[in-house]
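What follows is a single structure, written as structure tokens, with notes after it.
The values are calculated or read from the model by the stated rules, or taken from the named source; none is laboratory data. Predicted model, so just to flag it, every value in this text is computed and none were measured. Ideal geometry is used to build each Cβ from the backbone, glycine not excepted, and the neighbour counts take in all protein chains shown.
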């Protein structure tokens, strides 16, 4: 090699940012240059750099980079960051990066929190869920439970609980139930709500008894979350408690939530209650009763006349849902048209349920709403759910997910 080429190579190497540089800017640039999807070789280098890095900002960048690389070999470093780092932003970023290992997102997605200096992809308002047939490492779920149990900051515990829901961590329900029933989070209503919501997301009846105990919690915010979540689990043994709550509830919102939850149970003995409310003066009762009956193989032939006479748009939509579920496809267009109205969210829920539970999938294919098709992501049903089906329209797989039906959440 000529002396000139050697000089060029030396200069190039000298300008390459290094993880062990004395310059924070160079270390940060080095981390950024390694944060490339699939760059598995960089994981141990970043792990070593994390152990030695004094700057919390650069440690946060390292943790974020490991999430962008998306390789499970990063779990030990992310676990260390979550359980041992004293900086809040590093721990929050570790949870976000753990989720990125299993839920594909574009690098440009997410938002930056100027308070914690964390770039989060997964938010409580737009929670993403792991796709079907995605294996989630036990170690990833266990470290989230450990953070929920032991972290001293409520924000981390909330994020850990939400992450367990995103990962559909049904095998961690015993630990979640123990935490919910235990004394540690009694004063942390945000953490209680996050755990309750995660149990609803997972949708296992195993959490039904614990959730039922909380539907009359002294904290109204916790109680309301429990009311809806127990319905989402399909725990039918909660029906007597929910029906009693509906009849004796102190306020309209609680009664509405109880009625909505009863509808989600798909409890046959609730037919009499729903029928008694079809002529109620309360629009919400008529809507929720029609919705509940739609989920019970109910003979909705009488709804044709009710639909024609009904003046409330939300009630009419619920009646259309019941009619289609009964087999009257003429009213499917009512649901489709509502996708372009302010009632689009609940219309999406109805269409999702018709496909998942009522065997109407073939009729629904022409009405799928596709978004982000280029990266294999489509959004359908409720805005709280992003369904991932890379390289296919795998809706039939999605309808078999263990998660419960997504509700309108009054």
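Listed here are the residues, each with its yes/no results for (1) within 21 Å of residue 318 (Cβ to Cβ); (2) over 27 Å from the mean Cα position of the chain (by Cα).
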position	(1), (2)
234	yes, no
237	no, no
244	no, yes
250	no, yes
255	yes, no
263	yes, no
269	yes, yes
273	yes, yes
276	yes, yes
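Right, residue 64: part of a loop (DSSP other than H, G, I, E, B) and either in contact with a helix residue (DSSP H, G or I) (Cβ under 8 Å, 6 or more places away or on another chain) or modelled with pLDDT under 95 (or both) or not? So residue 64 does not fit the description; no.
Residue-by-condition table, conditions (1) touching a residue at least 40 places away in the same chain (Cβ under 8 Å); (2) surrounded by 24 or more Cβ atoms within 10 Å (Cβ to Cβ); (3) more than 21 Å from residue 261 (Cα to Cα):
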{"residue": "152", "(1), (2), (3)": "no, no, yes"}
{"residue": "179", "(1), (2), (3)": "no, no, yes"}
{"residue": "188", "(1), (2), (3)": "no, no, yes"}
{"residue": "199", "(1), (2), (3)": "no, yes, no"}
{"residue": "216", "(1), (2), (3)": "no, no, no"}
{"residue": "219", "(1), (2), (3)": "no, no, no"}
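Show me the helices (runs of 4 or more DSSP H) found entirely inside the range 133-193 where at least 1 residues are touching a helix residue (DSSP H, G or I) at 6+ places or on another chain (Cβ under 8 Å), at pLDDT 95 or above and more than 26 Å from residue 215 (Cα to Cα).
Values: elements: 138-150, 154-166, 173-181.
Here the list reads 138-150.
Could you tell me whether any residue of the range 221-228 is in contact with a helix residue (DSSP H, G or I) (Cβ under 6 Å, 6 or more places away or on another chain) and exposed (fewer than 15 other Cβ atoms within 10 Å of the Cβ)? Within the range 221-228, one or more residues are in contact with a helix residue (DSSP H, G or I) (Cβ under 6 Å, 6 or more places away or on another chain) and exposed (fewer than 15 other Cβ atoms within 10 Å of the Cβ). Taken over the range 249-279, the criterion of being closer than 24 Å to residue 189 by Cα and surrounded by fewer than 22 Cβ atoms within 10 Å (Cβ to Cβ) is satisfied by 249, 250, 251, 252, 253, 254, 255, 256.
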